[in-house]
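Asker: One structure is given below, represented as structure tokens, and several questions about it will come after.
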Amino acid sequence: MALQVEQLRRMAVAHGDRTAYTDLVTDEQLTFAAWCAGANRLGRGLARAGIEPGSRVAIHVESRHLARWLVAYAGVHTAGAVAVPTNTRLTAREVATVLGHAEPRIVITSSELAATLAEALPRLPSVERIVEADTAD
């Protein structure tokens, strides 16, 4: 996914403060510069946490926080890792099944979904850390 990371960097340089994403319900906006900076911060954090190219990182963030999801997705790729998006409407047991097969080392989530992941965690031996997206940036 190096092309996606490079494209985001190019867009941040060319269109820095222009709006890249607007949530039509909440009117939350994300500029190209903020998107790229957030992805870079997260990518560096993942690398410090031991994530290497090819490692899997799950993204378990609600669609109503799409700006956070977009930054997380780009950040995972910035670290050279593989993003594992999940369905946030799943029960803890279903999340454990999906992530048990995917074997991510880190799960990025939100504070609202942390309890579901905490319940699933005992069945997820590959997960080394859970990072809350609302406190990660």
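The values are calculated or read from the model by the stated rules, or taken from the named source; none is laboratory data. Since this is a predicted model, take the numbers as computed values, not measurements. Using ideal geometry, Cβ is built from the backbone for each residue, glycine included, and neighbour counts are taken over all protein chains shown. All accessible areas refer to the heavy atoms of the entire protein, side chains included, with ligands and DNA or RNA removed. Shrake-Rupley method; radii C 1.70, N 1.55, O 1.52, S 1.80 Å.
Asker: In the set Ala58, Ala39, Ala14, Ala20, which member is in contact with a Leu (Cβ under 7 Å, 6 or more places away or on another chain), of a type outside the set (Ser, Thr, Tyr) and over 20 Å from Ala81 (Cβ atoms)? Please lay out each step first, then the result.
Answerer: On the way: Ala58 fails: over 20 Å from Ala81 (Cβ atoms); Ala39 fails: over 20 Å from Ala81 (Cβ atoms); Ala14 fails: in contact with a Leu (Cβ under 7 Å, 6 or more places away or on another chain).
From the options Ala58, Ala39, Ala14, Ala20, the qualifying one is Ala20.
Asker: Separate question: Which one of these does Gly50 not meet: (1) open to solvent by 80 Å² or more (accessible area, probe 1.4 Å); (2) assigned to a loop (DSSP other than H, G, I, E, B)?
Answerer: (1)
Asker: Against the definition (more than 15 Å from Ser110 (Cβ to Cβ) and open to solvent by 40 Å² or more (accessible area, probe 1.4 Å)), how does Val25 come out, yes or no?
Answerer: Working: more than 15 Å from Ser110 (Cβ to Cβ): yes; open to solvent by 40 Å² or more (accessible area, probe 1.4 Å): yes.
In short, yes.
Asker: Assess whether Thr31 counts as being among the β-branched types (Val, Ile, Thr), buried (at least 16 other Cβ atoms within 10 Å of the Cβ) and closer than 17 Å to Leu113 by Cβ.
Answerer: So Thr31 fails the test.
Asker: Tell me which residues, restricted to region 23-47, are within 27 Å of Val95 (Cβ to Cβ) and in a strand (DSSP E or B).
Answerer: Scanning region 23-47 gives a single hit, Leu30.
Asker: Please determine, by comparing only the residues of region 75-109 that are in contact with a strand residue (DSSP E or B) (Cβ under 9 Å, 6 or more places away or on another chain) and closer than 24 Å to Thr22 by Cβ, which one is most open to solvent (accessible area, probe 1.4 Å).
Answerer: Here the answer is Pro85.
Asker: Does Leu117 satisfy the condition of being part of a helix (DSSP H, G or I) and open to solvent by less than 50 Å² (accessible area, probe 1.4 Å)?
Answerer: yes
Asker: Could you list, ordered by first residue, the pairs with Cβ atoms under 8 Å in which the first is in region 66-81 and within 12 Å of Ala34 (Cα to Cα) and the second is of a type in the set (Ser, Thr, Tyr), at least 6 apart or interchain?
Answerer: Between residues of region 66-81 that are within 12 Å of Ala34 (Cα to Cα) and residues that are of a type in the set (Ser, Thr, Tyr), the close pairs are Ala67/Tyr21; Arg68/Ser110; Leu70/Tyr21.
Asker: Hey, Arg68 hits all of (1) in contact with a strand residue (DSSP E or B) (Cβ under 9 Å, 6 or more places away or on another chain); (2) surrounded by 21 or more Cβ atoms within 10 Å (Cβ to Cβ); (3) modelled with pLDDT of 95 or more; (4) not aliphatic (A, V, I, L, M) but one; which does it fall short on?
Answerer: (3)
Asker: Hey, can you tell me all the residues within region 1-22 that are part of a loop (DSSP other than H, G, I, E, B) and open to solvent by 50 Å² or more (accessible area, probe 1.4 Å)? Walk me through it before giving the result.
Answerer: We begin by selecting, within region 1-22, every residue part of a loop (DSSP other than H, G, I, E, B); these are 1, 16-18.
Met1, Asp17, Arg18 - these are the residues of region 1-22 that are part of a loop (DSSP other than H, G, I, E, B) and open to solvent by 50 Å² or more (accessible area, probe 1.4 Å).
Asker: What single numbered condition from (1) in a helix (DSSP H, G or I); (2) farther than 30 Å from Arg10 by Cα fails to hold for Arg64?
Answerer: For Arg64, the exception is condition (2).
Asker: Something else: Can you tell me which residue in region 4-56 is farthest from Ser126 (Cα to Cα), limited to those that are hydroxyl-bearing (Ser, Thr, Tyr) and free of Cβ contacts under 8 Å to residues at least 40 places away in the same chain? Give the steps one after another, and end with the answer.
Answerer: Pass one, region 4-56, residues hydroxyl-bearing (Ser, Thr, Tyr): 19, 21-22, 26, 31, 55.
From what's left, free of Cβ contacts under 8 Å to residues at least 40 places away in the same chain: 19, 22, 26, 31.
Details: Thr19: 37, Thr22: 35, Thr26: 35, Thr31: 34 Å.
Filtering first and then ranking leaves Thr19.
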